[in-house]
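First comes the structure, then the notes that go with it.
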Amino acid sequence: MNENFFNDQFKITASCINCDLCQIICPESAILEDKNGLFIDDYRCTSCDLCYLICPYDSISREGKTSTKSSKK
């Protein structure tokens, strides 16, 4: 995975299994994939939180902190 790809606020961590839910829900098509895995495109991302909220594996961290489902509410 692309553990070190950051946008202003979000990062896809190494726990990502490429389930593609974040790509599907992203209204800006800001989640892209290359040979190393998924990453967030800084220029497209509007920080809407949808990818962060939908990830069932807590693989998207916000401001450098991966949150558990209970703290996402």
| message | I need the fraction of alpha carbon pairs in region 10-64 separated by more than 13 Å, rounded to a whole percent. | response | 52
| note | With label points set 7 Å from each Cα along the Cα-to-Cβ direction at Glu33 and Gln9, the distance between them in nm comes to 2.6
| said: Give me the percent relative contact order of region 10-64, please, defined on Cα pairs under 8 angstrom at least 6 residues apart. | reply: 49
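Since every read-out is calculated from the coordinates, none of them should be taken as a lab result. Bear in mind that the values here come from a model prediction, so they are computed numbers and not experimental data. So basically every Cβ, Gly included, is an ideal-geometry build from the backbone, and we count neighbours across all protein chains shown.
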